[in-house]
Amino acid sequence: MLLDGKVLSNKIKDELTKKVKNFLVKPCLAVIQIGNDEASNVYIKSKEKACNEIGINFIHAKFEEDVDEQEVINKIIELNNDKYVNGILLQLPIPKHFNQQKLLNLIDKNKDVDGLTDINVGLLFKGNNNLVPCTPLGIIKLLQEYNIEISGKHAVVVGKSNLVGKPLAMLLLQNGATVTICHSKTVNLKKYTEQADILISAVGKKGLITEDMIKDNSIIIDVGINRIDGKLYGDVDFDNVIDKASYITPVPGGVGPMTVAMLLNNVIKNYENNVEKNSR
Ligand code: NAP
């Protein structure tokens, strides 16, 4: 059975649209971009479109690749201090000569809608979640929507990035799963994937996960996005795996739309927290 991220993300967006209609002031998301990475341009456009759809204002602060770091810092401080801005994200990747984590850590922890500041990462690690990275959050929401029990399951996460693999492993742990994390140095990947009740691949390699690597009736979440000749593929050999798995996410239409929905959700979460704080 398909885990349809598109349908669920539309449902979440409808709920958020209804909420936003009742707000006195429109929420606002600010995206900071450095350079002109082609994939980033596409992702930022889709974030802007989603914000427009549900009634969130959108600021796109775009800098040249050779911008002085201080200019970017000033912009982050300005957005932190702007009470009408509810979410700030630094679109990654940024050019290598910038200190990425230094810039990320300047973002107010309550506006850090990507959940990548050291403070929010630490809170997630300790189980005191503040803002959590959108892709892992979207995966948990998708599993919950289909009433898939996480507790007691063996979840195998392939990929250990700070953006997806590691925070996802933390969320799965919080939800009671026994978690194995695999990565590029894992010897004999199949030995682990074939034990997974829930297998998540977040690598970026088309065809990495094949039918012989999965357990019967397992749940397969494909985070990978591989663009080949203008077409999108995941990491999983979907056509051959679908009959063996009990649930599987398609690419496109699985995890991707959930990521955007969770970004909007995080912006609204901060907005609502502020309203609550100010009414006290
Ligand atoms: P990343 O930072 O490049 O991390 C990839 C991870 O895969 C690394 O941990 C790497 O291990 C591991 N890896 C590489 N080759 C492997 C192999 N042969 N076997 C096992 N593990 C291997 O990428 P990311 O940002 O996490 O993204 C992963 C994929 O998800 C990409 O395709 C990206 O486009 C996609 N993505 C999709 C969404 C969405 O919304 N659908 C969101 C974010 C990312 P090491 O750490 O040991 O190098």
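Points worth noting:
- Applying the condition of being within 15 Å of Gly254 (Cβ to Cβ) and outside any loop (DSSP other than H, G, I, E, B) to the stretch 200-221 and asking which residue is farthest from the ligand (Cβ to nearest atom) yields Ile219.
- Pairs, first without any contact (Cβ under 8 Å) to a residue 24 or more places away in the chain in the stretch 176-201, second small (Gly, Ala, Ser), C-beta under 6 Å, six or more apart: none
- Some residue of the stretch 217-226 being charged (D, E, K, R) and either touching a Cys at 6+ places or on another chain (Cβ under 7 Å) or over 21 Å from Lys49 (Cα atoms) (or both): yes
- Taken over the stretch 29-55, the criterion of being under 20 Å from Lys75 (Cα atoms), assigned to a helix (DSSP H, G or I) and touching a strand residue (DSSP E or B) at 6+ places or on another chain (Cβ under 7 Å) is satisfied by Ser40, Ile44, Lys47, Glu48.
- Filtering the stretch 222-238 to residues that are touching a helix residue (DSSP H, G or I) at 6+ places or on another chain (Cβ under 7 Å) and more than 10 Å from the ligand (Cβ to nearest atom) leaves only Asp237.
- Condition met for Ala155 (buried (at least 19 other Cβ atoms within 10 Å of the Cβ), over 16 Å from the mean Cα position of the chain (by Cα) and without any contact (Cβ under 8 Å) to a residue 40 or more places away in the chain): no
- For the stretch 230-240, the candidate set comprises residues that are assigned to a loop (DSSP other than H, G, I, E, B) and either at pLDDT 95 or above or of a type in the set (A, V, I, L, M, F, W, C) (or both); within that set, the residue that is surrounded by the most Cβ atoms within 10 Å (Cβ to Cβ) is Gly234.
- Residues satisfying the stated conditions in the stretch 16-28, i.e. part of a loop (DSSP other than H, G, I, E, B) and free of Cβ contacts under 8 Å to residues at least 12 places away in the same chain: Asn22, Leu24
Matching residues to (1) out of contact with any strand residue (DSSP E or B) (no Cβ under 8 Å at 6 or more places or on another chain); (2) near the ligand (Cβ under 9 Å from one of its atoms); (3) among the acidic types (Asp, Glu):
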site	(1), (2), (3)
Thr135	yes, yes, no
His154	no, no, no
Val164	yes, yes, no
Pro167	yes, no, no
Met170	yes, no, no
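- Count of residues meeting criterion [of a type outside the set (S, T, N, Q), under 15 Å from Ala39 (Cβ atoms) and within 17 Å of the chain's Cα centre (by Cα)] in the stretch 224-237: 2
- Residue within the stretch 211-227 that is small (Gly, Ala, Ser) and closer than 17 Å to Val164 by Cα present: yes
- Residues satisfying the stated conditions in the stretch 241-280, i.e. in a loop (DSSP other than H, G, I, E, B), away from the ligand (no atom under 16 Å from the Cβ) and not β-branched (Val, Ile, Thr): Asp243, Lys244, Ala245, Ser246, Arg280
- Any chance Lys166 is modelled with pLDDT of 95 or more and within 22 Å of the chain's Cα centre (by Cα): yes
- Within the stretch 172-199, being near the ligand (Cβ under 10 Å from one of its atoms) and crowded, with 22+ Cβ neighbours inside 10 Å holds for Cys182, Thr193.
- Evaluating Lys13 against the criteria (1) part of a helix (DSSP H, G or I); (2) under 29 Å from Phe98 (Cα atoms); (3) within 17 Å of the chain's Cα centre (by Cα) leaves one unmet condition, (2).
The values are calculated or read from the model by the stated rules, or taken from the named source; none is laboratory data. Quick caveat, the model's predicted, so the values are computed rather than measured. Don't worry about glycine lacking a Cβ; one is built from the backbone with ideal geometry, like all the others, and counts go over all protein chains shown.
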